[in-house]
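Accompanying notes for the structure given below.
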């Protein structure tokens, strides 16, 4: 079982990779889940090297690929691959891609009855 320090280091790394602050990442309640996924998908040596918080200039191509995978995980809720490994429906709903775009994941936060009719939500230039 990982210790709290490892999860904190993973979260600190994730802050650097995603551009979101620690509060936003912790609000997803997925930091430990994502830490576990990353640790399981990356070999132990590469995972530990990534956690050491290397300087961007020190990242070799292997670590850049690992950093991209962790970033992809936070933004999409899945680990990259062919096909991607979907962590969970909740992870997809909490993907940072939706927060970055100011949207909700499709099918996760209904606006309520009649919300489609609110002219304030209409996209400029759309048919009403």
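When we screen 103, 96 for residues that are over 15 Å from residue 41 (Cβ atoms) and at pLDDT 95 or above, the only hit is 96.
A single entry from 128, 68, 64, 49 fulfils the requirement of being farther than 15 Å from residue 18 by Cα and at pLDDT 90 or above: 49.
Step by step: first the residues of segment 40-59, then only those that are out of contact with any helix residue (DSSP H, G or I) (no Cβ under 8 Å at 6 or more places or on another chain) and assigned to a helix (DSSP H, G or I), then the one that is surrounded by the most Cβ atoms within 10 Å (Cβ to Cβ). Which residue is that? In this case the residue turns out to be 48. Exactly one condition in (1) modelled with pLDDT of 95 or more; (2) in contact with a helix residue (DSSP H, G or I) (Cβ under 8 Å, 6 or more places away or on another chain); (3) closer than 24 Å to residue 99 by Cα is false for residue 23; which is it? Only one criterion is unmet by residue 23, namely (2). Across segment 91-105, the number of residues qualifying as under 23 Å from residue 36 (Cα atoms) and exposed (fewer than 12 other Cβ atoms within 10 Å of the Cβ) comes to 0. Within segment 60-86, the set of residues being surrounded by 18 or more Cβ atoms within 10 Å (Cβ to Cβ) and in contact with a strand residue (DSSP E or B) (Cβ under 6 Å, 6 or more places away or on another chain) comprises 73, 78, 79.
Summed over segment 63-90, the residues that are within 8 Å of the chain's Cα centre (by Cα), part of a helix (DSSP H, G or I) and more than 18 Å from residue 43 (Cβ to Cβ) give a count of 4. For segment 106-125, the candidate set comprises residues that are modelled with pLDDT under 55 and part of a loop (DSSP other than H, G, I, E, B); within that set, the residue that is surrounded by the most Cβ atoms within 10 Å (Cβ to Cβ) is 122. Within the bounds of segment 8-16, is there any residue that is without any contact (Cβ under 8 Å) to a residue 12 or more places away in the chain and either under 12 Å from the mean Cα position of the chain (by Cα) or at positive phi (or both)? So far as segment 8-16 goes, yes, one or more of its residues are without any contact (Cβ under 8 Å) to a residue 12 or more places away in the chain and either under 12 Å from the mean Cα position of the chain (by Cα) or at positive phi (or both).
The values are calculated or read from the model by the stated rules, or taken from the named source; none is laboratory data. Please read all numbers here as calculations on a predicted model, not as lab measurements. Because the Cβ atoms are built from the backbone with ideal geometry, glycine has one as well, and the counts that use them run over all protein chains shown.
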